[in-house]
Amino acid sequence: MKIILLGPPGAGKGTIAKALMQIDGSVQISTGDILRSAIAAGTDLGKQVEAVMASGDLVTDELIMDIMEQRLQEEDCKQGYLLDGFPRTIPQAEALKTLLAKLGEKLDCALELDLPREVIFDRLTTRRTCTSCGEIYNVKSKPPKVEGVCDVCGSAIVQRDDETVEAIENRLQVYNEQTAPLVEFYRKEGLLVSVPTSNLDQVLAAIKERLGN
Ligand code: ADP
């Protein structure tokens, strides 16, 4: 599968991507995870993006396209990919279209998780993330077995810097202004599949219907 996951922060893109990966070996590519790993590793890239990310603003299109142009040509992408958090602006979507044409690849669909704002806000303020493997937890609905410790890899689980109320409000505003227009973009491209849920079974049914199997 070659799918773009669209939807506001907290809609469940990462969780859905991880579940879809299990189905056919497509790889999840999360630009947020790539950037957070760079920050954790203290690389030049990490230092460059740290402050912008903590505020909830977007890093530049140029930087993201440099990362993605390389990433999408790696071996594990041949099997398919689930793009989580990319593209996030119209210029990124245009650049992706050009890149895919160059690589001779076609997307299956752009899957929009269209959830109510209140659900999103509540989820984000209660979300916790593993500092090492990126596994997502929720203090209310999906707590780790041992408080503060990742079930998967044993590393520390934290609230992200950009999950303060102020940063969350900013991220939602940035989404509305810069990313929401992608819904129309992909509708016009004939690729949009929109679901009002992040329930895995319902999402899978919508994808199967679209892919015709
Ligand atoms: P979420 O979807 O939960 O908001 P992500 O993990 O996808 O979070 O992204 C976290 C942050 O990383 C964003 O707020 C932004 O600063 C940066 N980022 C991730 N992907 C992109 C992108 N495609 N373009 C610009 N900035 C990005």
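So here's what we get for this one:
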| item | result |
| --- | --- |
| For the chain, share of DSSP beta bridges that run antiparallel, in % to the nearest 5 | 35 percent |
| Chain lengthening between residue 125 and residue 165 when straightened (0.36 nm per residue, less Cα-Cα) | 13.7 nm |
| Ellipsoid equivalent to the stretch 123-213 - semi-axes via the Cα gyration tensor, in Å | 30, 20, 11 |
| Area accessible to solvent at residue 43, 1.4 Å probe radius, in Å² | 60 Å² |
| Within the accessible area of the stretch 67-213 (1.4 Å probe), percent carbon and sulfur | 49 percent |
| Accessible area per residue in Å² at 1.4 Å probe, computed on the chain | 51 Å² |
| Label-point separation, residue 149 to residue 199 (7 Å along Cα→Cβ), nm | 3.5 nm |
| Residue 142 versus residue 40: modelled label distance in nm, points set 7 Å from Cα along the beta carbon direction | 1.7 nm |
| The stretch 7-103: C-alpha pair distances exceeding 19 Å, % | 45 percent |
| For the stretch 178-213 versus the stretch 104-129, the gap between their alpha-carbon centres in whole angstrom | 11 Å |
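The values are calculated or read from the model by the stated rules, or taken from the named source; none is laboratory data. What you see is a predicted model, and the numbers here were worked out from it, not measured in a lab. Backbone-built Cβ (ideal geometry, glycine too); neighbour counts: all protein chains shown. Each accessible area value is taken on the protein alone, full model and side chains, heavy atoms only, with ligands, DNA and RNA left out. Shrake-Rupley method; radii C 1.70, N 1.55, O 1.52, S 1.80 Å.
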